[in-house]
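Q: Could you have a look at this structure, given as structure tokens, before my questions?
The values are calculated or read from the model by the stated rules, or taken from the named source; none is laboratory data. Note that the structure is a prediction, hence the values are computed from the model and not measured. Heads up, the Cβs are rebuilt from the backbone with ideal geometry, glycines too, and the neighbour counts pull from every protein chain shown.
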Amino acid sequence: MKKIRHVRRPFRKYPLTANCTGRAEFENTVFGRHNGDGTIDSILVADSVYRHFSFVEVDGDGAFDSYEFTTGMDVNSESFRDDGMDGQYDLRIGPGGAMAVSVGSRWHEVVHEDRQSYVELDGKLVPVQLFPVVRIIENEKDESAKGGE
Ligand SMILES: [Ca+2]
Ligand SMILES: [Ca+2]
């Protein structure tokens, strides 16, 4: 099995601080512009113990498409991503390089072989797409073979 390479973006350690009014301020809020159209497509907010939430807008309709909660910055921290904003996490990254996909409200560990990710479902390794959204790739060859049915 290949080693999973998980790259965390550089992150500045600005703690949550209290200003002169005694109110907390979230200094570490990052607005991301990734697709080059000039609009904000992600917002990341971190707290004083480096937990962070990021909300992502992918398709340009102004509505968030997913969010991710990360429990911290250390190697044992975990990230949980909810695709579709339906309150059900779909992807877990961590601790360490481990990854898991939620299928039927259960976490299934992801294994990587030959640049493809798989999860074991009903005793079979099934290919799965992890980014930008989790998608179980089932019977893809069968579907294309059906052709003009
Ligand atoms: Ca959207
Ligand atoms: Ca979801």
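Q: Do we have residue 45 as within 14 Å of ligand 1 (Cβ to nearest atom) and surrounded by 12 or more Cβ atoms within 10 Å (Cβ to Cβ) here?
A: Taking the combined requirement at face value, the residue does not satisfy it.
Q: Among 79, 117, 105, which is the only one that is out of contact with any Ser or Thr (no Cβ under 9 Å at 6 or more places or on another chain) and at pLDDT 95 or above?
A: Exactly one residue qualifies, and that residue is 117.
Q: How many of the residues in region 56-75 are away from ligand 2 (no atom under 16 Å from the Cβ), over 17 Å from residue 35 (Cβ atoms) and of a type outside the set (S, T, N, Q)?
A: The number of residues fulfilling the criteria is 4.
Q: Of all residues in region 95-109, which are touching a residue at least 24 places away in the same chain (Cβ under 8 Å) and assigned to a strand (DSSP E or B)?
A: Hits for region 95-109 are 99, 101, 102, 103.
Q: Additional query: Might you check whether a residue that is in contact (Cβ under 8 Å) with a residue 60 or more places away in the chain and loosely packed, with under 14 Cβ neighbours inside 10 Å occurs anywhere in region 132-147?
A: Yes: one or more hits.
Q: Of the conditions (1) without any contact (Cβ under 8 Å) to a residue 40 or more places away in the chain; (2) closer than 20 Å to residue 134 by Cβ, residue 66 clears all except one; give me its number.
A: That leaves (1) as the condition not met.
Q: What about residue 85, is it among the aliphatic types (A, V, I, L, M) and touching a Ser or Thr at 6+ places or on another chain (Cβ under 7 Å)?
A: Yes.
Q: Something else about it: Across region 32-46, which residue is nearest to ligand 2 (Cβ to nearest atom) among those that are out of contact with any Phe, Trp or Tyr (no Cβ under 7 Å at 6 or more places or on another chain) and in a loop (DSSP other than H, G, I, E, B)?
A: It comes out as 41.
Q: Just to be sure before I move on: is residue 45 over 13 Å from the mean Cα position of the chain (by Cα), at negative phi, modelled with pLDDT of 95 or more and β-branched (Val, Ile, Thr) in the structure I sent?
A: No.
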